[in-house]
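Heads up: the structure comes next, in structure tokens.
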Amino acid sequence: MTKLADRTTRIATSPTMKVTATVDRLRRSGVEVIDFGAGEPDFNTPDLVKGAGHSALDANFTRYTPVAGIADLKRAICDRYQADYGVDYKESEVIVTAGGKQALFNAALSLFGPGDEVITHAPYWPTLTEQIKLADATPVLARTYPEDGFAIRATTILDAITPRTRGIIVNSPCNPTGALISEADLGAIATVAARQGIWIVVDLCYEKLIYDTVPHNLPRVLAEKCRDLTVLCGSASKAYAMTGWRCGWALGPAPVIAAASAIQSHATSNVTSITQKAAVQALTGPQGTVTAMLDEYRERRDLLHEWLTADPRLRCRKPGGSFYMFIDISDALSGIDAGGFRTSLDFADALLEESRVAVTPGEAFDAPGFIRISYATSMENLREGSKRLLEFVGKHAPQTATA
Ligand SMILES: Cc1ncc(COP(=O)(O)O)c(C=O)c1O
């Protein structure tokens, strides 16, 4: 019998990646699928950024770099956060990582350990809780609710604090709900965290994908209240359509960054040298491509919302950020006798099998009864996929909505 380490029994493969793998398998066997599962931009990396990657290769910039990243990139990250949020970080307070995922993982391994509780909000991006477990700590969930727009409330987070609480992880804009935390709620959390010495880790991977002009200066709020207890994790993946390049970063107190660098030095070392040069261009170059993508996502969001809400059994709000629509399909599910689908997992499986539309079931985010649609895909796909989804619901769901 294969005897694996205990930690492997405590974690599961990323369920969101599983949908991607299934779509890939079906496509390779010649089946045409509309993929609403993908958690990545369908846009190409902007030309200037690709150009910087080409130039790096041509200049033979292909060797190891310092583990925490080249000085130019660390400077570019600090400058970006200064320009966007008015916060001051030094190069010793930043590390370049293989995507936001590694920034968050480094933070978890540097800050949390056995016996610690770490609070995050649910529904959640599953990597956040799995990383807490990989750090041998225990995730504690503070729920957010659809009727409240999945708002991340300070009261629910603060109510979850116990003497063992070591950290709080906030993801805003949130995957899968698209919700944003308000500055006031984060401020209230930060005040208590400062008093009790609790770490706050913020996952800002969707920070450039906020549709309305709402106050969302989370770095500033935290810098004012508890800078020494704050780790900001960001990424080039979504903002600059660079998912495959693998570039993220963490900003935080120098001792945390030093610990993260030590961990990374024994795990992956530096982020790909070519990627780092491209990321410098992304962060310091013109930001017009970011807003152009955001405008396109907004148009898709609005139309998708209009199409889907034509059926009252598909209940959803327009997300404030990210590129996900999180839909309550509980009215489209039925009991065993009705012959429909009892869970969102069954629903998603059947939708893929029968209508060739891939969505991520809410179970992946600890939210049964929901499905997540990524609108990081063409308008044509959104139109066709919505049509198929509405037909599928029309065929299988109970006729009367409960609300
Ligand atoms: C909430 C959230 N945080 C972080 C990430 C990490 O992305 P990357 O590692 O590509 O930067 C993702 C990716 O899907 C995400 O959804």
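Points worth noting:
- Computed [θ] at 222 nm, helices only, for the chain once each DSSP H run of length n ≥ 4 contributes -39500 (n - 2.57): -13500 deg cm²/dmol
- Nearest-0.05 FRET efficiency for residue 1 and residue 48, computed from C-beta distance (R0 51 Å): 0.40
- Nearest 10 degrees, 0 to 90: helix 99-111 Cα axis against the chain principal axis: 70 degrees
- Remark: spin-label model distance residue 387-residue 306 equals 1.7 nm, labels positioned 7 Å along the Cα→Cβ axis.
- Put simply, when 98-107, 373-382, 153-162 are sorted by average Cβ atoms within 10 angstrom per residue, most first, you get 98-107, 373-382, 153-162.
- Sequence-separation-based contact order of the chain, relative, with Cα cut under 8 Å and 6+ spacing, percent: 22 percent
- Summarising the label geometry, the points placed 7 Å from Cα in the beta-carbon direction at residue 61 and residue 155 lie 5.1 nm from one another.
- DSSP-defined antiparallel bridges as percent of all bridges, segment 176-309, nearest 5: 50 percent
- Between 0 and 90 degrees, the angle of helix 344-355 with respect to the longest Cα principal axis of the chain falls at about 70 degrees.
- 3J(HN,Hα) along segment 257-272, derived from phi through the Karplus expression 6.51 cos²θ - 1.76 cosθ + 1.60 where θ = phi - 60°, amounts to 5, 5, 5, 4, 5, 4, 4, 5, 5, 9, 10, 10, 6, 6, 5, 2 Hz, with x in place of Gly and Pro.
- For the pair residue 18 and residue 268 in one chain, pulling the backbone fully straight at 0.36 nm per residue adds 87.6 nm over the alpha carbon distance.
- A Förster radius of 41 Å combined with the Cβ-Cβ distance from residue 79 to residue 354 puts the calculated FRET efficiency at roughly 0.20.
- A Gaussian network model of the chain, with springs between Cα atoms under 10 Å, assigns the largest mean-square fluctuation among 213, 120, 275 to 213.
- Within the chain, DSSP assigns beta bridges of which about 45% are antiparallel (rounded to the nearest 5).
- Volume per residue for segment 166-229 equals 79 cubic angstrom (convex hull of Cα atoms).
- Here each label is just a point 7 Å from Cα along the line to Cβ, and for residue 90 and residue 346 those points are 6.0 nm apart.
- Most tightly packed first, judged by the mean number of other beta-carbon atoms within 10 Å of their residues, the peptides 121-128, 132-139 read 121-128, 132-139.
- Net dipole in debye of segment 280-403 [+1 Lys, Arg Cβ; -1 Asp, Glu Cβ; about Cα centre; nearest 20]: 240 debye
Every read-out reported here was derived from the displayed coordinates using simple, explicitly stated rules and does not represent laboratory data. As the structure is a prediction and not an experimental result, all values here were calculated from the model. Note that each Cβ is placed from the backbone with ideal geometry, even for glycine, and that neighbours are counted across all protein chains shown.
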